[in-house]
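The structure under discussion appears below in the form of structure tokens.
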Amino acid sequence: MITRDLDAFTRLARTLPTDAPACPKAVFLVAPEGFALACESASDNVYMDLDRRVDVARALDQHRDLQRALAADVPAICFAGDAATPDAVFPNNVFASAPGRVLIARMRHPVRQREAQRGDIRGFFTDVLGYVLHDLRAGEGVGELTGSLVIDRARRIGFCGLSERCDATGAAAMHAAFDLRATLLFELAPGEYHANVVLSVLAGRAVSICADGFADAAVPAAIGALYAHAIFLDAAERLAFAGNCIAPTADAVWMSQTAADALRPASRAAFAQAGFALRSVPLDEIEKAGGSLRCCVGEIY
């Protein structure tokens with residue numbers, strides 16, 4: 001099922017078992033070498049400000065600290081960056097995996113389309129891991145993988161935010177390539193570019209939601225009702241990228257230090273009640289490019 005029908009989706013979702021791995025077996029990153037703000041990306045990313053200066057050395061240091069910290073919880077592989085692809089620090093938009101398969105996205109902006117051409121990440125999945133390639137660039141539409149599509153891996157269901165970065169055709173291609181049981185399509189609020197800035201499914205048992213990032217308030221309410229633990233974040237937390245979080249293991253949620261510092265006491269308590277320790281690293285230099293910790297982390301299933 002791929003649908004905009006909220007009632008039909010939630011009825012089906014409630015019947016589905018949690019019979020698939022909820023967390024990745026490893027993660028991958030791309031180093032911010034030649035880090036810069038891409039003008040094309042800034043055209044539809046309100047979290048970017050092209051007047052801000054970036055410090056490449058500081059971005060590299062913060063990124064290395066992120067990889068080192070994640071590696072304490074889960075194997076963390078880092079691929080080399082390239083100054084010709086300044087947004088490559090956010091690889092989860094372009095490359096993603098499901099068990100036995102690797103996906104390459106049909107991206108909106110040419111600067112990200114160049115990133116999709118690199119052969120090393122593709123070769124790692126196909127030649128080293130033996131995954132089957134699903135190259136969505138040959139199709140129609142736009143769909144920026146786990147930026148636009150937030151996946152509950154345990155239930156194999158997706159929550160797809162439509163925006164300039166993802167249309168219905170691209171969503172359908174991702175639904176098929178990820179082999180999902182059901183995908184809910186919904187409009188993001190004006191100005192939001194990716195669903196993973198306002199929504200995260202955490203280890204299959206919890207969800208964090210920035211309700212003001214959705215065009216229709218009924219959608220975040222219905223998504224929250226599907227989970228035992230629904231953590232609703234406010235606008236200030238969203239602007240600090242607290243919604244751009246990830247649970248690479250069943251017992252910890254990772255977000256940037258800026259995001260963690262912005263959490264209200266009630267939000268911190270909600271993560272703890274859901275069984276998650278909060279872990280964070282400084283990423284404020286990388287966040288100048290309009291994404292945060294979740295955007296930096298690709299998942300290997």
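As a proxy for reagent exposure, ranking ASP7, ASP234 by other Cβ atoms within 10 Å from fewest up yields ASP7, ASP234.
Distance from the C-alpha centroid of region 229-277 to that of region 165-200: 22 Å, rounded to the whole angstrom. Summing +1 for each Lys or Arg and -1 for each Asp or Glu among the other residues whose beta-carbon sits under 15 angstrom from that of PRO75 gives 0.
Scanning residues 5 or more positions from LEU188 or on other chains, those with amide H under 5 Å from its amide H are LEU162, ALA215, with H placed 1.01 Å from N in the peptide plane.
Looking at the P(r) of region 65-178, how many percent of alpha-carbon pairs lie beyond 24 Å? Beyond 24 Å sits 25 percent of the P(r) for region 65-178.
For the chain, what does the relative contact order come out to in percent, with C-alpha contacts under 8 Å and a separation of six or more? Relative contact order of the chain: 24 percent. PRO248 sits among other residues whose Cβ lies under 9 Å from its own Cβ, and their net charge, with Lys and Arg +1 and Asp and Glu -1, is -2. Mind checking which of ASP82, ASP261, ASP212 has the largest fluctuation in a GNM of the chain, springs on alpha carbons under 10 Å? The residue that fluctuates most here is ASP261.
Taking the dipole about the Cα centre of the chain, with the C-beta of Lys and Arg at +1 and of Asp and Glu at -1, give me whichever of ALA57, PHE178, CYS78 is farthest to the positive side. Farthest towards the positive end: PHE178.
Taking the inverse of the mean reciprocal distance over all distinct Cα pairs, the Kirkwood hydrodynamic radius of region 157-212 comes to 11.9 Å. The alpha carbon radius of gyration of region 200-279, expressed as a multiple of 2.2 N^0.38 Å, is 0.99.
Estimated at 0.36 nm per residue, the fully extended path between ALA84 and ASP55 surpasses their Cα-Cα distance by 8.8 nm. The DSSP beta bridges internal to the chain are antiparallel in roughly 45% of cases. The alpha carbons of region 138-188 stretch over 28, 25, 14 Å along the principal axes, in descending order.
In the chain, a dipole from Cβ-located charges (positive for Lys and Arg, negative for Asp and Glu) runs towards its positive end, and of THR249, ASN93, PRO32 it is THR249 whose Cα lies farthest in that direction. Taking other Cβ atoms within 10 Å as a rough exposure proxy, HIS109, HIS63, HIS194 sort from fewest to most as HIS109, HIS63, HIS194.
Mind checking the log10 I(q)/I(0) for the chain at q = 0.11, 0.15 Å⁻¹? Debye, one equal scatterer per Cα, no solvent, two decimals. Reported log10 I(q)/I(0), two decimals: -0.57, -1.17.
Mean residue ellipticity at 222 nm, helices only, the chain: -7000 deg cm²/dmol; runs of at least 4 DSSP H residues each add -39,500 (n - 2.57), and the sum is divided by the number of residues. Rounded to the nearest 20 debye, the dipole size of the chain about its Cα centre is 720 debye, using +1 on the Cβ of Lys and Arg and -1 on the Cβ of Asp and Glu. Counting only the Cα atoms, region 122-237 fills a convex hull of 113 Å³ per residue. Once both labels are modelled 7 Å past Cα along the beta-carbon direction, what's the VAL128-ASP7 spacing in nm? In this crude spin-label approximation the distance works out to 4.9 nm.
Rule-based calculations on the coordinates, nothing more; no lab input. What you are looking at is a predicted structure, and each value in this text was computed from that prediction instead of being measured. Positions of Cβ are generated from backbone atoms using ideal geometry, with glycine treated the same way; all protein chains shown enter the neighbour counts.
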